[in-house]
Each structure stands twice: as C-alpha cells, then as structure tokens.
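Comments concern the structure below.
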Amino acid sequence: MALIDWVAGYLKTFGIDSARSGDLAAGKANLFATIGPKDRGGVILSGHTDVVPVASQKWDSDPFALTERDGRLHARGSADMKGFIALVLALVPEAVAQPLSVPIHLAFTHDEETGCFGAPHLIAALPDGAARPHLAIIGEPTSMQVANAQKGCAFFRTTITGRDGHSSAPGRGVNAIEAAARIIAEIGRVGAEAARRGGGDRFDPPHTTLNVGTIEGGAAVNIIARDCRFEWDLRAIPGDDPLRMKAGIDAFIAAELLPRMRAVFTGAAIATETIVSVPPLVPDPGSPAEALARRLTGANTATTVAFASEAGLYQQAGIPAIICGPGSIDVAHQPNEYITREELAAGGAFLDRLLGWARSAEG
Ligand SMILES: [Zn+2]
C-alpha cells in the first residue's frame with residue numbers, strides 16, 4: 001500500500017488522478033490511472049506490484065535496497081516486474097508534455113504472485129463502451145520478446161471426510177486416505193490422457209499437466225483414517241479448460257466413490273475447492289495487442305512463456321493482451337535477482353516508441 005500511495009502521489013504531481021480497487025479491507029490495492037483523452041480506448045501498461053518472498057534465500061545484498069554490481073541492478077522484483085513499472089513511471093513526464101491521441105492506462109495490481117487475485121477487481125472496474133481499453137501490454141520479463149501464449153494455471157484442495165474406527169475392522173469405517181488414493185489415481189489417469197492428447201506443441205511439456213503437491217491425513221497407524229486432504233495443480237494449454245477438467249474429477253467422485261462411502265456412513269464427504277484459477281493466454285496473432293507489440297519491437301515472431309501472468313484475464317475480459325517486458329524470467333524469484341542497465345534501456349526504448357505511437361495514432 002505504501003508503494004501505491006507513493007505512485008498515486010507521484011501521478012498527482014502531474015495532474016493525473018488514479019483509482020483504487022482490490023482487497024482494500026486487507027490493506028491491498030490496485031491502481032489504475034489514465035494519461036490522455038478519457039473518451040476513447042487506448043493501451044494498458046500492466047504490472048504487478050507484489051513480489052515473491054526472500055525467506056531462505058541467500059542474497060549478497062539487501063534484497064529490498066537496489067544495489068548495483070557490475071552493471072546489474074540487484075533487488076527482489078527488479079526483473080519481475082518492478083523494473084518495468086519504474087520505466088512506465090519514468091515515462092509520465094514525457095507523456096503529459098504533449099497531448100496524446102490515444103490514452104495510456106497504468107494498471108498496477110496486487111497479489112499476482114499468489115494467484116492473480118488483484119487483477120480481476122481492476123478489470124471489473126474498467127470503463128465500458130468507447131472508453132474501454134483496446135489492448136493490454138503485460139510487462140513481465142520476456143527480454144523484450146513478444147509472447148502471445150501461456151498455459152492456464154489452477155490450484156485445487158480436495159478434502160475427504162470419512163469415519164474412524166479400529167484398524168482391525170476397516171469395513172466398519174470409511175477410510176479417507178483410501179478415497180484420496182483413488183482420486184489421485186484418477187488425476188494421474190486424466191494427466192496421462194492429456195499427455196497422449198498433446199495439442200500444445202509450443203509448450204514444454206507440450207500438453208496439459210496435473211500434479212499432486214501435498215497430502216496429509218490420518219491420526220495413527222491403527223486407526224481408520226477419518227480425514228485426508230491433498231492439493232493439486234493443473235496447467236492447461238490454451239483450449240483445455242481447467243475448471244471443466246476439475247468437473248470431470250468431481251463426476252468421477254460422485255459416481256465411483258461417494259455412493260459406496262455413504263452406504264457405510266451417511267456423513268462421508270468429499271469437497272474440492274479452487275484456490276487459484278488463472279486462464280491461459282490463447283494465441284491471437286491478428287490481435288491489435290500483438291500487432292502493436294510487434295511493430296514497437298520489430299519482432300517477426302511471437303514466443304511462448306512458461307510462467308503464469310494476468311494476460312489471460314484481460315483476454316477473457318475481451319481486451320487483447322500480449323506479454324512483453326524487460327529483464328529475464330530466469331533470474332526472477334531467485335536470490336540476487338537483477339535487471340541490467342541494458343535491459344532497462346531496451347524497455348525504455350520500447351516505451352518511447354509506444355509514446356510516439358500514442359501521440360500520432362488514430363484513436
Ligand atoms: Zn511477474
């Protein structure tokens with residue numbers, strides 16, 4: 001929130017109002033601001049303000065104080081993606097100096113790293129009609145390559161409630177761990193089916209994946225396990241729908257597991273909650289977002305990124321989106337994360353060209 005306050009104050013000195021949205025009760029906010037005419041679409045420059053933790057990482061300098069060593073600017077979030085946000089803010093004096101024919105919108109979000117929880121609030125508050133933004137550039141670190149495809153990402157938690165009892169008579173209870181094992185086997189089967197189906201040649205691996213990441217359950221070796229819960233993730237190629245695939249798992253549970261469990265104990269239950277759901281970015285080579293990003297970078301081809309971002313959320317809301325920003329994803333989330341001065345200069349040159357376009361383009 002301190003960062004958002006600072007940005008709002010900075011924009012104010014240029015006469016730019018900003019609007020907040022998001023989880024304000026929890027002390028978290030997105031910031032949205034428009035430079036230029038307010039009666040037409042324009043381009044969103046999107047960056048998330050949060051970072052991943054530094055706990056248990058060995059840093060050679062204070063991760064929260066930008067430190068230059070050998071032309072590298074080290075700090076948590078320097079590449080992902082506070083370097084981009086800094087470049088956007090540094091563009092503001094230039095952007096207000098002359099009238100724009102196409103507005104530039106600043107969209108800075110909270111809680112991207114934990115599951116893109118901020119962006120949906122910001123997107124929901126975007127204007128409709130003539131003033132609705134035409135396209136969004138997500139400045140995630142792609143080394144200024146134009147990325148038009150990414151997998152969707154969903155996290156689920158499945159909780160099973162059975163009935164405990166003495167382990168010498170398993171048939172009198174309902175073993176939650178046993179039910180979990182059946183569901184996990186089904187998740188494995190769905191994953192193998194997705195791998196056979198393929199369909200994501202631009203990705204590595206070239207298919208939708210499912211993975212069970214945690215499990216806990218049971219009280220003691222000689223007690224029928226009453227409780228079990230496990231967490232799993234699903235990374236979907238464009239075209240596969242994570243929530244539809246989850247619905248398939250739910251249908252398996254309803255048909256194959258619950259009736260037998262409830263025949264023994266009517267209180268048996270299995271519930272799967274969605275913790276995170278971020279849609280994929282579906283390649284749309286003809287979109288105005290990709291056309292503009294290619295024009296500004298000179299790129300002839302578009303690439304694919306393995307990480308998740310907010311791009312699919314904008315696309316889902318009818319705003320074409322593209323991922324293009326300075327710095328390398330390889331150093332993001334790592335100790336001694338950095339962005340080089342050259343990388344920042346490349347990002348700055350991109351934004352200068354964008355500004356030139358926004359002055360001269362036909363609204
Ligand atoms: Zn990021």
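For the pair the stretch 221-285 / the stretch 151-209, the C-alpha centres are spaced 7 Å from each other.
Split the accessible area of the stretch 20-72 by element, probe 1.4 Å, and carbon with sulfur accounts for 52%.
Oblate is the label for the stretch 275-363, because the ratio a/c of its alpha-carbon gyration tensor axes (a ≥ b ≥ c) is 1.5 or higher and a/b is not greater than b/c. Roughly how many percent of the accessible protein surface of the stretch 229-297 is carbon and sulfur, given a 1.4 Å probe and a whole-percent answer? Ligands and nucleic acids excluded, carbon and sulfur reach 55 percent.
Given the Cα atoms of the stretch 33-78, and with Rh set as the inverse mean 1/r over their pairs in the Kirkwood sense, what is Rg to Rh to two decimals?
With Rg and the Kirkwood Rh in hand, the quotient comes to 1.22.
What the phi angles of the stretch 211-218 give under the Karplus curve with 6.51, -1.76 and 1.60, with θ = phi - 60°, is a coupling list of 8, 8, x, 9, 8, 8, x, x Hz, glycine and proline written as x.
Once the Cα gyration tensor of the stretch 268-317 is found, what semi-axes does its equivalent ellipsoid get, as square roots of 5 times the eigenvalues, in whole Å, sorted largest first? Before the final figure, lay out the partial values.
Numbers: eigenvalues 225, 23, 12 Å².
Square roots of five times the eigenvalues give 34, 11, 8 Å.
Taking the inverse of the average 1/r across all pairs of different Cα atoms in the stretch 1-141, what Kirkwood radius in Å do you get?
16.0 Å
Here is what passes the span test in the chain: the DSSP H helices with alpha carbon length of 20 Å or more along the helix axis and a Kyte-Doolittle mean of 0.0 or above are 83-97, 176-197. Residues in the stretch 1-155 average 41 Å² of solvent-accessible surface per residue, probe 1.4 Å, ligands and nucleic acids excluded.
Mind pulling up the Rg/Rh value for the stretch 191-304? Radius of gyration and Kirkwood radius, both on Cα. Display every interim value, and only then the final one.
Details: Rg = 20.5 Å, Rh = 17.7 Å.
So for the stretch 191-304, dividing Rg by the Kirkwood Rh gives 1.16.
For the stretch 317-363, a/c is not less than 1.5, where a ≥ b ≥ c are the root eigenvalues of the C-alpha gyration tensor, and a/b does not top b/c. That puts it in the oblate class.
For the stretch 53-173, the relative contact order comes to 15 percent (Cα pairs under 8 Å, sequence separation of at least 6).
Once the Cβ-Cβ distance of residue 262 and residue 233 is raised to the sixth power relative to R0 = 25 Å, the FRET efficiency obtained is 0.30. Available extension along the chain between residue 157 and residue 192 is 10.6 nm, counting 0.36 nm per residue and deducting the alpha carbon span.
Distance between the modelled labels on residue 62 and residue 19, one decimal in nanometres: 3.7 nm (7 Å Cα→Cβ projection). Structural descriptor for the stretch 252-363: relative contact order 20 percent, calculated from alpha carbon pairs under 8 angstrom and at least 6 residues apart.
Remark: spin-label model distance residue 12-residue 69 equals 3.8 nm, labels positioned 7 Å along the Cα→Cβ axis. If a/c stays under 1.5 just call it rounded; otherwise compare a/b with b/c (prolate if a/b is bigger, oblate if not). Do that for the stretch 58-125, with a ≥ b ≥ c from the square roots of the Cα gyration tensor eigenvalues. Since a/c reaches 1.5 but b/c is at least a/b, the shape of the stretch 58-125 is classed as oblate. Across the stretch 67-78, computed HN-Hα scalar couplings (Karplus, 6.51 cos²θ - 1.76 cosθ + 1.60, θ = phi - 60°) run 10, 8, 9, 6, x, 9, 9, 8, 4, 4, x, 4 Hz from first to last residue, x flagging Gly and Pro.
Between residue 274 and residue 128, residue separation times 0.36 nm minus the direct Cα-Cα distance comes to 49.7 nm.
Sites listed here are chymotrypsin sites (Phe, Trp or Tyr not before Pro) in the stretch 205-261 whose DSSP assignment is loop and whose Cβ has at most 14 other Cβ atoms within 10 Å, and the list is empty.
Calculated on C-alpha atoms, the gyration radius of the chain divided by its Kirkwood radius gives an Rg/Rh of 1.06. For the stretch 41-73, trypsin sites (Lys or Arg not before Pro) meeting the loop criterion (DSSP other than H, G, I, E, B) and having at most 11 other Cβ atoms within 10 Å: 58. Under the combined filter of DSSP loop state and at most 13 neighbouring Cβ atoms within 10 Å, the stretch 160-261 retains none of its trypsin sites (Lys or Arg not before Pro).
Residue-wise HN-Hα couplings along the stretch 41-51, as the Karplus relation 6.51 cos²θ - 1.76 cosθ + 1.60 with θ = phi - 60° gives them from phi, are x, x, 10, 8, 9, 10, x, 9, 8, 8, 9 Hz; Gly and Pro carry x. Please report the carbon-and-sulfur percent of the accessible area for the stretch 312-355; probe 1.4 Å, protein heavy atoms only, DNA, RNA and ligands left out. C and S fraction of accessible area: 51 percent.
The values are calculated or read from the model by the stated rules, or taken from the named source; none is laboratory data. For clarity, every value in this text was computed on a predicted model and none was experimentally measured. We place every Cβ from the backbone using ideal geometry, glycine too, and count neighbours over all the protein chains shown. Note: accessible area is taken over every heavy atom of the protein model, side chains too, but ligands, DNA and RNA are not part of it. Shrake-Rupley method; radii C 1.70, N 1.55, O 1.52, S 1.80 Å.
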